[in-house]
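Report on the following structure.
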There are 2 protein chains.
Amino acid sequence: MALCAASLTTEASAKVIDGKSVAKQIRDEVTAEVSRMKEAIGVTPGLAVILIGDRKDSATYVRNKKKACDSVGIISLEANLPEDSTEQEVLNYISRFNDDPSVHGILVQLPLPKHMNEQTILNAVRIEKDVDGFHPLNIGRLAMRGREPLFVPCTPKGCIELLHRYGVPIKGKRAVVIGRSNIVGMPAALLLQREDATVTIVHSRTSNPEEITSQADIIISAVGQPNMVRGSWIKPGAVIIDVGINPVEDSNDSRGYRLVGDVCYEEASKVASAVTPVPGGVGPMTIAMLLQNTLISAKRIHNFE
Amino acid sequence: MALCAASLTTEASAKVIDGKSVAKQIRDEVTAEVSRMKEAIGVTPGLAVILIGDRKDSATYVRNKKKACDSVGIISLEANLPEDSTEQEVLNYISRFNDDPSVHGILVQLPLPKHMNEQTILNAVRIEKDVDGFHPLNIGRLAMRGREPLFVPCTPKGCIELLHRYGVPIKGKRAVVIGRSNIVGMPAALLLQREDATVTIVHSRTSNPEEITSQADIIISAVGQPNMVRGSWIKPGAVIIDVGINPVEDSNDSRGYRLVGDVCYEEASKVASAVTPVPGGVGPMTIAMLLQNTLISAKRIHNFE
């Protein structure tokens with residue numbers, strides 16, 4: 001399924017949803033707000049990141065987050081713990097950041113070393129500083145009508161933000177979310193539902209994913225299957241948000257691989273009305289939303305509007 | 001929409017899902033477990049009900065719950081507060097029941113008087129005693145993969161229990177939940193999702209509810225619209241759980257009204273493979289599940305298996 005071939009006879013006509021440029025815009029907005037807040041009340045938002053072990057990919061993610069904080073004026077703190085740290089040591093750092101008034105957001109980089117209980121560790125983060133929005137209390141509020149979560153998880157929030165900034169109507173539309181992970185698929189479905197879409201979650205046990213997906217006006221795919229969503233899965237004119245970032249072998253690329261989404265981009269761009277590219281679609285939005293959540297948290301804690 | 005007429009040419013063929021009889025069975029199971037627990041460790045499960053004001057319907061519900069507790073050997077406590085009580089007075093009762101070791105479940109009868117904040121009051125119930133399962137932390141856990149709620153809300157739990165006891169397969173099936181309330185529709189969708197159904201929530205903003213509903217193998221309807229779901233909405237062979245209990249005028253009835261569901265029963269019984277009647281379907285299951293949740297709570301608190 002890693003390859004997909006576009007029909008030769010049709011021209012690509014879908015609008016490209018430029019996540020890189022929207023993310024840039026949001027970072028500019030955050031920069032302006034951070035500076036306004038500092039001038040008005042002398043407070044700079046702070047994000048604490050806890051990284052355990054020496055996974056290269058995790059280290060890269062953390063470095064990118066720190067760089068992004070720098071670029072918008074948010075202070076970043078980092079705690080690097082060795083792979084063989086105990087759960088208690090991690091909890092001690094969380095507790096310290098929970099109590100530190102200069103920290104408005106706490107992020108524990110996942111995945112954790114195998115000997116640690118993810119649930120125990122994530123639940124220790126104070127809900128007021130849970131900028132990832134993964135706390136079950138947050139998710140519960142997200143699911144419930146009339147309740148408001150303190151934070152919306154960054155990646156699904158980025159997906160919806162792209163729809164908003166491109167003026168895509170959501171209310172009353174059919175939406176299909178492919179994938180039901182706690183960090184993307186499920187909260188993305190809840191967000192679409194909150195905006196009055198009619199939402200179906202398609203997952204690994206769905207017997208006819210193509211048929212269901214092809215009824216959708218909006219598709220958000222977050223499964224990690226390269227090129228799974230083919231042209232035939234897409235209703236003409238649908239809008240597609242592709243969260244997948246999958247490496248596939250490519251001998252033409254100097255790294256030996258390139259990144260593709262869950263959606264066969266070449267085919268989608270001939271059927272859909274708008275589609276996010278990979279890379280440069282949802283990817284840059286996640287960090288932008290993390291910065292926004294950290295700002296929101298600092299504003300709330302300091303009662304600054 | 002209050003009337004629905006069945007075709008004259010087809011015979012009713014759907015199996016009747018007898019909620020009354022399943023509820024009876026569950027109450028017998030609870031009775032046996034309550035008595036086993038009492039003999040083994042000398043503990044009797046206790047349910048505290050708080051009723052504020054003098055709404056007749058609420059008083060009836062509370063009376064029925066107390067009767068049901070009696071019938072299975074669960075101790076029931078009741079706090080009746082006047083309509084003009086303050087929020088603080090209600091919170092004091094909740095706090096007392098939170099601390100009372102003989103109370104394993106606390107239930108605040110809704111709706112509350114208008115001057116009270118439902119969220120403040122419901123959130124005050126200790127999550128370990130929230131037998132209604134409405135706490136957002138519970139709902140969050142229900143939504144998340146790999147997490148377990150302490151309690152599942154009674155009515156949606158009753159719907160799924162009916163499917164289980166009638167051997168209806170859920171995994172991989174298309175399910176449509178009509179209605180997205182916090183107490184039925186939304187948690188019912190999350191429960192179906194947990195059992196690997198492919199779930200769509202149809203609601204007031206859905207543009208083509210009939211078309212979507214007619215794709216479902218399982219329909220759970222909880223909207224409170226008499227006879228809204230007609231025969232044409234139903235895929236032949238589908239299984240229907242009708243949560244609606246709607247009074248409609250009926251001059252032939254001595255009360256001047258009768259109760260009908262959200263689903264046109266006469267039509268459904270000719271198209272579906274199985275359907276719950278109203279009354280006698282989901283209704284009796286709700287209280288049975290409340291008794292089960294109270295038992296589960298007492299067992300958990302006393303570590304009794």
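The values are calculated or read from the model by the stated rules, or taken from the named source; none is laboratory data. Note that the coordinates shown come from a computational prediction; the quantities given were computed from them, not determined experimentally. Cβ placement follows ideal geometry from the backbone for every residue including glycine, while neighbour counts extend to all protein chains displayed. Please note that ligands, DNA and RNA were not included when accessible areas were found on the heavy atoms of the full protein model with its side chains. Shrake-Rupley method; radii C 1.70, N 1.55, O 1.52, S 1.80 Å.
Descending by average beta-carbon neighbour count within 10 Å, the peptides B:202-214, A:101-113, B:232-244 line up as B:232-244, A:101-113, B:202-214, the highest first.
When chain A is treated as a GNM, springs tying every alpha-carbon pair under 10 Å, which of A:G19, A:G140, A:G167 comes out with the largest mean-square fluctuation? For chain A, modelled as a Gaussian network with Cα springs under 10 Å, the answer is A:G167. When all alpha-carbon pairs of the protein assembly as shown are counted, what percent fall beyond 30 Å? Counting every Cα pair in the protein assembly as shown, those more than 30 Å apart make up 59 percent.
If N is the number of residues in the stretch B:102-181, what value comes out of its Cα radius of gyration divided by 2.2 N^0.38 Å? Don't skip to the end; give the middle numbers.
On the way: Rg = 15.1 Å, N = 80, 2.2 N^0.38 = 11.6 Å.
Compactness ratio reported: 1.29.
How high is the FRET efficiency between A:R96 and A:Q119 when r is their beta carbon distance and R₀ equals 35 Å, given to the nearest 0.05? Efficiency, from the Cβ-Cβ distance: 0.95.
Peptide A:143-150 has a mean shielding of 5, counted as Cβ atoms of other protein chains within 10 Å of each residue's Cβ.
Rg/Rh for chain B to two decimals, with Rh computed the Kirkwood way over all alpha-carbon pairs.
Numbers: Rg = 19.9 Å, Rh = 20.3 Å.
Ratio value, two decimals: 0.98.
Per residue of peptide A:184-196, the mean number of Cβ atoms on other chains within 10 Å of the residue Cβ is 2. All other residues whose Cβ lies under 13 angstrom from that of B:P149 are scored, Lys and Arg at +1 and Asp and Glu at -1, for a net of +2.
Here the sum of -39500 (n - 2.57) over DSSP H runs of 4 or more residues, divided by the residues of chain B, equals -12500 deg cm²/dmol at 222 nm, to the nearest 500.
Counting Lys and Arg as +1 and Asp and Glu as -1 over every other residue whose Cβ lies under 12 Å from the Cβ of B:V275, the net charge comes to -3.
The residues packed around A:I74, meaning those with a beta-carbon under 14 Å from its beta-carbon, carry a net charge of +3 if Lys and Arg are +1 and Asp and Glu are -1. Could you check how much of the accessible area of the stretch B:42-126 is carbon and sulfur, as a whole percent, using a 1.4 Å probe? Carbon with sulfur: 48 percent of the solvent-accessible area.
About its Cα centre, the dipole of the protein assembly as shown is roughly 280 debye, where the only charges are +1 on Lys and Arg Cβ and -1 on Asp and Glu Cβ.
Here the ratio of the Cα radius of gyration of the stretch A:43-127 to 2.2 N^0.38 Å is 1.05.
If you average 1/r over all unlike Cα pairs in the stretch B:185-225 and invert the result, what Kirkwood radius do you get in angstrom?
Numbers: mean 1/r = 0.0916 Å⁻¹.
Here the Kirkwood hydrodynamic radius works out to 10.9 Å.
In the context of the full set of protein chains, residues of the protein assembly as shown present 43 Å² of accessible surface per residue (probe radius 1.4 Å, heavy atoms only). On alpha-carbon atoms, Rg over Rh for the stretch A:166-284 using Kirkwood Rh? In the stretch A:166-284, Rg relative to Rh is 0.97. Among B:I52, B:V103, B:A124, whose Cα sits farthest toward the positive end of the charge dipole of the stretch B:42-126 (+1 at Cβ of Lys/Arg, -1 at Cβ of Asp/Glu, about the Cα centre)? Farthest towards the positive pole: B:V103. P(r) for the stretch A:27-91, from all Cα pairs and a bin width of 10 Å, is 20, 41, 25, 15, 1 %, short bins first. Axis angle, to the nearest 10 degrees, between helix A:87-99 and the longest C-alpha principal axis of chain A: 80 degrees.
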